[in-house]
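> Take a look at the following structure, please.
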Amino acid sequence: MSLYDFLATRWEDILAVSWWHLRLSLMAVGLALGIGLPLGVLSHMNRLAAALVLNTVSIIYTVPTLALFGLMIPLLGIGVIPAIVAVVLYSLLPVVQNTYTGLANIDPNLREVAVGMGMGRLTRLFRVELPLALPVIFAGLRVAVVNAIGMVTLASLIAAGGLGDLIFRGISIMSWNLVIAGSVPVLVMALGADFLLKLAEQRLSRSREVAAP
Amino acid sequence: MALQVEFRDVTKEFPGTPPAVDRLSLTIEAGSILALVGPSGCGKTTTMKMINRLIEPSSGEIYLGDAPISHMPLKELRRMIGYVIQYVGLFPHMSVAENIAIVPKLLGWNKARIDARIDELLALVGLPPEHRARYPRSLSGGQQQRVGVARALAADPPVLLMDEPFGALDPITRVRIQDELLAIQSKVRKTIVIVTHDMDEAIRLGDKVAVLRAGRLVQHEPPVDILRHPKDAFVAELIGHDRLVKLLSTLPVASVMSEDAAPGEAPAVGREATLETAFLRMLDTGRDALAVEGGGSLHIRDLLRASIG
């Protein structure tokens with residue numbers, strides 16, 4: 001079967017699997033953001049927490065992704081939940097690291113002015129420090145999303161579905177149509193997410209330089 | 001409203017160095033401007049930051065009005081003290097209006113009151129109301145500095161601290177903004193402490209000038225007295241070789257003029273003009289006497305008395 005005929009008959013399936021793939025990736029990154037952002041803030045506020053958290057997420061990041069999925073099996077079994085957990089763990093590093101770096105690199109003069117004006121620690125965090133660190137945090141988020149879209153391909157190995165299903169089945173039965181039908185959407189989604197988030201990032205930093213509408 | 005600020009025997013020591021501020025006693029009268037001047041490392045910034053407790057003294061006490069500040073709740077104290085730093089320190093992610101609204105919001109003012117206050121302050125510092133929605137980076141240095149002053153004045157604090165506020169401005173803008181600050185001060189009458197390393201700025205702005213050296217108060221007097229009688233070679237050197245020219249540019253004609261009638265054809269000069277202006281008018285016209293507007297005269301002999309006072 002030619003690639004064209006293959007796609008013509010299977011496009012609905014491919015689209016559905018791609019959508020599921022994207023949802024898995026975004027869910028995982030959403031969770032990583034929910035966990036990583038507070039961890040990054042905590043690291044910024046406390047040296048001990050910083051040493052602990054930053055080292056832990058770095059070590060997790062050095063585990064090969066394939067091995068990370070493998071390690072999930074004895075801990076959580078197979079399926080969607082262990083797959084998401086693995087991707088969350090892997091996505092923590094860019095989120096935590098960038099939150100921490102973004103907060104650490106704020107102009108000390110601005111921090112001092114905030115203190116000098118009588119802002120409390122939390123007010124300062126939410127009204128000054130996090131907004132100033134936002135572009136850096138956003139850049140971390142972008143890396144996490146692109147990573148996750150690629151990584152979810154392997155989630156197929158622990159029965160969580162996604163485009164990996166097509167790719168691995170294609171490899172095992174030597175159907176290059178299947179391999180292409182699985183890989184191209186991964187590529188398109190990763191590039192698309194990268195482009196859109198970069199655009200959003202630029203708008204975010206530009207909005208502070210020109211007059212408001 | 002303004003409050004007196006008083007240092008009583010205040011010392012600040014950082015570990016392993018001589019005291020940054022050494023047994024400082026100093027009163028800043030309510031509604032006056034004190035210029036703290038000295039070379040870098042003299043303790044002037046440390047002195048100022050002890051007022052809003054960004055730095056805590058090692059010993060001694062600072063009073064705001066009658067209250068020792070070490071007993072005041074920290075956030076409350078800081079919200080009573082406007083703070084302006086070099087490079088302004090406007091928050092780049094907030095619009096002009098949001099920057100100005102910070103302390104009023106912390107104090108829980110309602111939106112209508114805050115909005116009215118922002119309009120009032122923009123008018124006070126001479127910015128058009130359309131600037132409310134602009135972001136700091138789209139403003140010039142002078143405009144940013146005006147917003148910085150507006151922000152510090154937002155909650156009508158009795159005390160204003162300014163740390164090298166005009167250091168980043170070009171000389172022409174700096175002089176203009178200095179004049180504007182004096183005009184604003186004549187309306188709001190705050191107790192203002194300005195830290196500067198520039199003696200000219202200290203003389204222009206200060207009702208009194210406090211010269212610091214190595215943490216010690218060397219001289220604390222009105223600018224005219226510092227110019228007339230620098231206490232030692234250090235102060236004289238800070239002022240520079242043109243000390244007497246500066247003195248002439250500080251004193252008004254009214255301070256040394258006589259009531260004698262001027263010769264009929266003498267050129268005129270205003271009472272509030274500086275002696276420097278009058279002297280230049282004499283050089284320019286080749287006359288040794290000027291007629292002072294509103295009666296009286298200024299003879300070149302009168303200028304000789306300026307440095308004695």
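> Have a look at A:Y100, A:Y90 and point out the one that is crowded, with 24+ Cβ neighbours inside 10 Å, away from chain B (no Cβ under 14 Å), under 26 Å from A:V146 (Cα atoms) and touching a residue at least 24 places away in the same chain (Cβ under 8 Å). Outline the logic, then answer.
Values: A:Y90 fails: crowded, with 24+ Cβ neighbours inside 10 Å.
Result: A:Y100 is the single residue among A:Y100, A:Y90 that is crowded, with 24+ Cβ neighbours inside 10 Å, away from chain B (no Cβ under 14 Å), under 26 Å from A:V146 (Cα atoms) and touching a residue at least 24 places away in the same chain (Cβ under 8 Å).
> Moving on. Hey, among B:I114, B:I118, which residue is under 24 Å from the mean Cα position of the chain (by Cα), at pLDDT 95 or above and more than 9 Å from chain A (Cβ to nearest Cβ)?
B:I118
> Does region A:159-178 hold any residues that are surrounded by fewer than 17 Cβ atoms within 10 Å (Cβ to Cβ) and among the aliphatic types (A, V, I, L, M), and which are they?
Matches in region A:159-178: A:A159, A:I171, A:I173, A:M174.
> Report whether or not A:R124 is modelled with pLDDT under 95, in a helix (DSSP H, G or I) and in contact with an Asp or Glu (Cβ under 8 Å, 6 or more places away or on another chain). Show your work before the answer.
Numbers: modelled with pLDDT under 95: yes; in a helix (DSSP H, G or I): yes; in contact with an Asp or Glu (Cβ under 8 Å, 6 or more places away or on another chain): no.
Criteria not met by A:R124.
> Under 7 Å by Cβ, and 6 or more places apart or on different chains, what pairs join a residue from region A:1-12 that is over 14 Å from A:G182 (Cα atoms) with one that is modelled with pLDDT of 80 or more?
Filtered contacts from region A:1-12: A:M1/A:N177.
> Still on this structure, I have one more. Being more than 20 Å from B:L3 (Cα to Cα) and buried (at least 16 other Cβ atoms within 10 Å of the Cβ), is that true of even one residue in region B:66-86? Even if it seems obvious, please write down each step before you answer.
Initial filter on region B:66-86 (more than 20 Å from B:L3 (Cα to Cα)): B:85-86.
The next check asks that each one be buried (at least 16 other Cβ atoms within 10 Å of the Cβ); those that pass are B:85-86.
Looking through region B:66-86, at least one residue is more than 20 Å from B:L3 (Cα to Cα) and buried (at least 16 other Cβ atoms within 10 Å of the Cβ).
> Moving on. Confirm whether A:I137 is of a type in the set (V, I, T), within 14 Å of chain B (Cβ to nearest Cβ), over 17 Å from A:I14 (Cβ atoms) and in a helix (DSSP H, G or I).
Working: of a type in the set (V, I, T): yes; within 14 Å of chain B (Cβ to nearest Cβ): yes; over 17 Å from A:I14 (Cβ atoms): yes; in a helix (DSSP H, G or I): yes.
For A:I137, the condition - of a type in the set (V, I, T), within 14 Å of chain B (Cβ to nearest Cβ), over 17 Å from A:I14 (Cβ atoms) and in a helix (DSSP H, G or I) - is met.
> Just the residues that are more than 13 Å from every other protein chain (Cβ to nearest Cβ), at positive phi and crowded, with 17+ Cβ neighbours inside 10 Å, please, taken from region B:142-180.
Matches in region B:142-180: none.
> Would you mind telling me which numbered condition in (1) closer than 20 Å to A:G70 by Cα; (2) at pLDDT 90 or above; (3) of a type in the set (A, V, I, L, M) A:L166 fails?
Single failed check for A:L166: (2).
> Follow-up. Of the numbered conditions (1) within 11 Å of another protein chain (Cβ to nearest Cβ); (2) more than 19 Å from B:M48 (Cβ to Cβ); (3) not β-branched (V, I, T), B:Y87 fails exactly one; give the number of that condition.
Only one criterion is unmet by B:Y87, namely (2).
> Which condition breaks for A:S43 when tested against (1) in contact (Cβ under 8 Å) with a residue 24 or more places away in the chain; (2) within 30 Å of B:M50 (Cβ to Cβ)?
A:S43 satisfies all of (1) in contact (Cβ under 8 Å) with a residue 24 or more places away in the chain; (2) within 30 Å of B:M50 (Cβ to Cβ) except (2).
> Answer yes or no: is there a residue in region B:129-141 that is closer than 21 Å to B:I184 by Cβ, touching a helix residue (DSSP H, G or I) at 6+ places or on another chain (Cβ under 7 Å) and exposed (fewer than 14 other Cβ atoms within 10 Å of the Cβ).
Yes, region B:129-141 contains a residue that is closer than 21 Å to B:I184 by Cβ, touching a helix residue (DSSP H, G or I) at 6+ places or on another chain (Cβ under 7 Å) and exposed (fewer than 14 other Cβ atoms within 10 Å of the Cβ).
> From the set of residues in region B:71-84 that are free of Cβ contacts under 8 Å to residues at least 12 places away in the same chain and more than 8 Å from chain A (Cβ to nearest Cβ), which is nearest to B:G31 (Cα to Cα)?
Here the answer is B:M72.
> Out of the residues in region B:166-188 meeting the condition of being of a type in the set (V, I, T) and without any contact (Cβ under 8 Å) to a residue 60 or more places away in the chain, tell me which one is farthest from B:G126 (Cα to Cα).
Selected residue: B:I172.
> For region B:110-131, give me each residue that is without any contact (Cβ under 8 Å) to a residue 12 or more places away in the chain and not in a helix (DSSP H, G or I).
If the condition is that a residue be without any contact (Cβ under 8 Å) to a residue 12 or more places away in the chain and not in a helix (DSSP H, G or I), then B:N110, B:P128 are the ones that fit.
> Provide a single number: the residues in region A:103-129 that are within 28 Å of A:E201 (Cβ to Cβ), buried (at least 16 other Cβ atoms within 10 Å of the Cβ) and within 10 Å of chain B (Cβ to nearest Cβ).
9
> From the list A:S18, A:S91, A:S58, A:S25, pick out the single residue that is in a helix (DSSP H, G or I) and more than 29 Å from A:V184 (Cα to Cα). Lay out the reasoning, then the answer.
Working: A:S18 fails: more than 29 Å from A:V184 (Cα to Cα); A:S91 fails: more than 29 Å from A:V184 (Cα to Cα); A:S25 fails: more than 29 Å from A:V184 (Cα to Cα).
Selected residue: A:S58, the only one of A:S18, A:S91, A:S58, A:S25 that is in a helix (DSSP H, G or I) and more than 29 Å from A:V184 (Cα to Cα).
The values are calculated or read from the model by the stated rules, or taken from the named source; none is laboratory data. Every value quoted in this text rests on a predicted model; they were computed, and no experiment measured them. Methodologically, a virtual Cβ is constructed for each residue, glycine included, from the backbone with ideal geometry; neighbour enumeration extends over all protein chains shown.
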